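Take a look at the structure below.
The values are calculated or read from the model by the stated rules, or taken from the named source; none is laboratory data. The model shown is predicted, which means the values in this text are computed figures rather than measured ones. Cβ placement follows ideal geometry from the backbone for every residue including glycine, while neighbour counts extend to all protein chains displayed. We work out accessible area using only protein heavy atoms, side chains counted, and drop any ligands, DNA or RNA first. Shrake-Rupley method; radii C 1.70, N 1.55, O 1.52, S 1.80 Å.
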Amino acid sequence: MARWGKFITFEGIDGSGKSTLLRGIYERLLNHLPEDRIVLTHEPGGTPFANLLREALASRTDREPMAELFTLLASRYDHTKRLIIPALQSGRVVLCDRYSDSTVAYQVFGKGIEYYTVARLNKLATLGIKPKLTLLLDVPVDVALRRLRAKGKLDHYESLDRDFFERVRYGYLALARRAKRRIKVLDGTRNPDEVLDEAWGYVREVVGLA
Ligand SMILES: Nc1ncnc2c1ncn2[C@@H]1O[C@H](COP(=O)(O)OP(=O)(O)O)[C@@H](O)[C@H]1O
Ligand SMILES: [Mg+2]
């Protein structure tokens, strides 16, 4: 059987540069690995059913925070069991845009759901797997909002108030302090190439590239 693969997640508030960094890492990995050894995915979503849940989350915002939480977790369970775990079992590198840290940052710190509730449910939804490496892009809320405005992209979350994003950012940093080995905090205000160079150093090490 193949060696267990490498699970790498990308985290940060909306507009922090996650998707940009993920693409950059993917392109660099392609210089070292065949395309079919790398899986690009995202949450919420990542499987047909989870993608429908993502659409549901995006299309109606009149909902209870706990209903939102269960939807995110249903998406995570399906995605983890059907896509992430099989990919890791076959030794692939999995790059995932958002994962369980997002739920702690947004639902606990942002929305005020109790930490232990989310931690316990996250454990079930992830089937106990954890990222080997998490790249956390940290940017001040103003910077993130300015970027999103420039892109003309302010969806449900992004149109929530500034305070909400301050709490989410703080939540991410609190998580990073408790998981220093796994979560690497990157200053996302630098230009994309500098961010990519630093992130690449961590990815290289985790993936075991010379
Ligand atoms: N390091 C950076 N410096 C300046 N702008 C950036 C940087 N990284 C991303 N951007 C721009 O900011 C916007 C949000 O980036 P994106 O990668 O989509 O963030 P996220 O996926 O975290 O929401 C995009 O328009 C992107 O081109
Ligand atoms: Mg994105």
Identify the residue in the stretch 160-194 that is in a helix (DSSP H, G or I) and acidic (D, E) and, among all such residues, is surrounded by the most Cβ atoms within 10 Å (Cβ to Cβ).
E166
Condition check: surrounded by 15 or more Cβ atoms within 10 Å (Cβ to Cβ), assigned to a helix (DSSP H, G or I) and within 15 Å of ligand 2 (Cβ to nearest atom). Does T41 satisfy that?
no
What pairs can you find where one residue is in the stretch 32-43 and more than 14 Å from P86 (Cβ to Cβ), the other is away from ligand 1 (no atom under 14 Å from the Cβ) and part of a loop (DSSP other than H, G, I, E, B), and their Cβ atoms are less than 8 Å apart, with a gap of 6+ or different chains?
H32/L209; I38/L30; I38/R92
Looking at the stretch 12-29, I want the residues that are among the charged types (D, E, K, R) and in a loop (DSSP other than H, G, I, E, B) and have a partner that is open to solvent by 20 Å² or more (accessible area, probe 1.4 Å) and more than 9 Å from ligand 2 (Cβ to nearest atom) with Cβ atoms under 7 Å, at least 6 apart or on another chain. Which pairs are those?
D14/Y157
If N51 satisfies all but one of (1) within 28 Å of E194 (Cα to Cα); (2) within 16 Å of ligand 2 (Cβ to nearest atom); (3) not in a loop (DSSP other than H, G, I, E, B), what's the number of the condition it fails?
(1)
Residue by residue through the stretch 56-76, note down the ones that are surrounded by fewer than 17 Cβ atoms within 10 Å (Cβ to Cβ) and either within 12 Å of L124 (Cα to Cα) or of a type in the set (A, V, I, L, M, F, W, C) (or both).
A56, A58, M66, A67, F70, A74
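Among the listed residues Y172, Y106, Y115, identify the single one that is away from ligand 1 (no atom under 16 Å from the Cβ) and of a type in the set (F, W, Y).
Among Y172, Y106, Y115, only Y115 is away from ligand 1 (no atom under 16 Å from the Cβ) and of a type in the set (F, W, Y).
Results for (1) farther than 19 Å from D14 by Cα; (2) open to solvent by 10 Å² or more (accessible area, probe 1.4 Å), shown as yes or no for each residue.
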position	(1), (2)
T80	yes, no
S100	no, yes
T117	yes, yes
L124	yes, yes
